[in-house]
Amino acid sequence: MTKAAEQKKEGPSLETRLGPLTLKNPVIAASGTFGYGEEYAGIIPLGSLGAMITKGLSLEPRKGNPPPRLAETASGMLNAIGLENVGLKAFLKEKIPFLRKARCPVLVNIFGATAREYADIARRLSEAEGLAGVEINVSCPNLKAGGAIFASEAKSVHQVVSKVRRATSSFVMVKLSPNVADIVKIAQAAEEAGADAVSLINTLTGLAIDVRTRTPVLGNITGGLSGPAIKPIGLRMVWQVAQCLRIPVVGMGGIVSAEDALEYIIAGATAVQVGSAHFIDAKAGLKIVDGIQTYMRINDISHLTDLIGSLKIRRDSGPGA
Ligand SMILES: Cc1cc2nc3c(=O)[nH]c(=O)nc-3n(C[C@H](O)[C@H](O)[C@H](O)COP(=O)(O)O)c2cc1C
């Protein structure tokens with residue numbers, strides 16, 4: 001049997017590569033929406049996901065923001081959890097033993113107040129072994145730059161990624177914020193500083209008001225908007241960034257179905273993350289994997305890599321055409 005015939009018999013290959021990391025399929029559970037994995041382990045086999053990313057981790061434990069922390073919006077939700085987490089020490093002791101047995105690559109989403117804090121966490125996680133790498137959340141205030149968000153300046157993104165790069169030889173992905181003027185510039189800074197991949201988008205800053213009390217709905221006043229409402233923005237940014245970078249781009253923002261995931265892949269994403277959809281259906285990730293497989297079978301696509309960045313654009317289309 002020829003290789004092509006063998007592939008057809010086995011079904012399409014959903015395998016994808018994020019630099020040094022090979023995933024059996026492109027669907028990753030997004031940080032902050034999948035706990036530390038153990039919360040979902042009784043509901044879905046974690047091994048059927050391409051990878052999972054744990055809740056944002058800092059050196060010290062954090063209690064997070066005052067309630068209410070969640071608000072439903074049209075086609076989405078606002079959250080202001082405030083990066084509540086158990087802290088590095090408890091993570092190493094209590095969470096890693098389970099994660100080592102997860103049967104899918106596990107990335108740890110990390111954040112800090114200084115570039116050095118990011119690097120310290122990355123180094124201690126790589127020494128712990130059993131994890132696939134880190135996802136750097138740069139949407140945090142930079143203490144050294146007077147509280148400006150790391151993510152909003154190419155210079156501070158470069159600084160934090162270089163420091164993490166020197167601290168670990170494990171896989172490093174940089175999660176970009178959409179709350180910036182030029183996402184491509186920030187992505188290029190991450191690539192130049194040695195990132196293995198970038199992921200985008202994080203939430204968009206929003207506000208909800210209760211007109212009866214004339215007070216903000218969220219305890220933190222503002223929150224991060226996620227869900228289907230942000231998909232067109234995520235798609236546009238992934239498309240722009242993928243054209244300008246050599247490293248892989250992981251797309252997210254509003255993915256609830258296989259079709260949403262396919263849109264991101266066609267726009268140039270090498271893999272995708274599923275976030276808020278988990279709050280509606282804990283099995284969303286699994287269903288998306290199945291749906292991608294079905295689409296590939298129906299359309300006679302044997303390798304996912306053939307779909308990545310396959311967007312067809314007519315020569316006479318585009319802004320100003
Ligand atoms: C409740 C909640 C908590 C989140 N926590 C984190 C986090 O700790 N670190 C991070 O980088 N992103 C966090 N995110 C952002 C998501 O990982 C994702 O980037 C965003 O929600 C967009 O994807 P979605 O529309 O599929 O939810 C959080 C999102 C939600 C809804």
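Values computed for the structure shown
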| item | result |
| --- | --- |
| Every pair of residues 6+ apart whose Cβ atoms lie under 6 Å, when the first sits in the range 130-147 and is over 13 Å from Ala51 (Cα atoms) while the second is near the ligand (Cβ under 9 Å from one of its atoms) and in a helix (DSSP H, G or I) | none |
| Arg212 vs. criteria part of a loop (DSSP other than H, G, I, E, B), surrounded by fewer than 19 Cβ atoms within 10 Å (Cβ to Cβ), at pLDDT 95 or above and more than 13 Å from the ligand (Cβ to nearest atom) | yes |
| Residue check, Gly82 within 11 Å of the ligand (Cβ to nearest atom) and surrounded by 15 or more Cβ atoms within 10 Å (Cβ to Cβ) | yes |
| Output for the range 184-209, where each listed residue is part of a helix (DSSP H, G or I) and closer than 21 Å to Ala271 by Cβ | Val184, Ile186, Ala187, Gln188, Ala190, Glu191 |
| Out of Lys101, Lys89, Lys55, sole residue that is of a type in the set (Lys, Arg) and in a helix (DSSP H, G or I) | Lys89 |
| Subset of the range 49-83 (residues that are free of Cβ contacts under 8 Å to residues at least 60 places away in the same chain, β-branched (Val, Ile, Thr) and within 20 Å of Phe98 (Cα to Cα)) | Thr54 |
| Pairs with Cβ under 6 Å, 6+ apart, first in the range 236-260 and free of Cβ contacts under 8 Å to residues at least 60 places away in the same chain and within 21 Å of Glu191 (Cα to Cα), second charged (D, E, K, R) and away from the ligand (no atom under 14 Å from the Cβ) | Leu245/Glu191 |
| Near pairs, Cβ below 7 angstrom, 6+ apart or cross-chain, from the range 303-321 (within 15 Å of Val249 (Cα to Cα)) to any residue that is at pLDDT 85 or above and part of a strand (DSSP E or B) | Leu304/Ser13; Leu304/Thr16; Thr305/Thr16 |
| Hits in the range 166-177 - residues which are surrounded by 18 or more Cβ atoms within 10 Å (Cβ to Cβ) and either of a type outside the set (A, V, I, L, M, F, W, C) or within 22 Å of Ala269 (Cα to Cα) (or both) | Thr168, Ser170, Phe171, Val172, Met173, Val174, Lys175, Leu176, Ser177 |
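Yes/no per residue for (1) at pLDDT 95 or above; (2) touching a Ser or Thr at 6+ places or on another chain (Cβ under 6 Å); (3) within 20 Å of Pro228 (Cα to Cα); (4) within 11 Å of the ligand (Cβ to nearest atom):
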residue	(1), (2), (3), (4)
Gly47	yes, no, no, no
Met52	yes, no, no, no
Leu59	yes, no, no, no
Gly64	no, no, no, yes
Ala74	yes, no, yes, no
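A quick yes/no check of all residues on (1) under 15 Å from Ala30 (Cβ atoms); (2) assigned to a loop (DSSP other than H, G, I, E, B); (3) at pLDDT below 95:
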residue	(1), (2), (3)
Ile230	yes, no, no
Gln243	no, no, no
Gly251	yes, no, no
His278	yes, no, no
Gly285	yes, no, no
Asp290	no, no, no
Ile301	no, yes, no
Ser317	no, yes, yes
Gly320	no, yes, yes
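Condition check ((1) crowded, with 24+ Cβ neighbours inside 10 Å; (2) closer than 23 Å to Val106 by Cβ; (3) hydroxyl-bearing (Ser, Thr, Tyr); (4) within 13 Å of the ligand (Cβ to nearest atom)) across all residues:
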site: Ile247; (1), (2), (3), (4): no, yes, no, no
site: Ile288; (1), (2), (3), (4): yes, yes, no, yes
site: Asn299; (1), (2), (3), (4): no, no, no, no
site: Thr305; (1), (2), (3), (4): no, no, yes, no
site: Leu311; (1), (2), (3), (4): no, no, no, no
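The values are calculated or read from the model by the stated rules, or taken from the named source; none is laboratory data. This structure is a prediction, so every number in the text was calculated from the model and none was measured. So basically every Cβ, Gly included, is an ideal-geometry build from the backbone, and we count neighbours across all protein chains shown.
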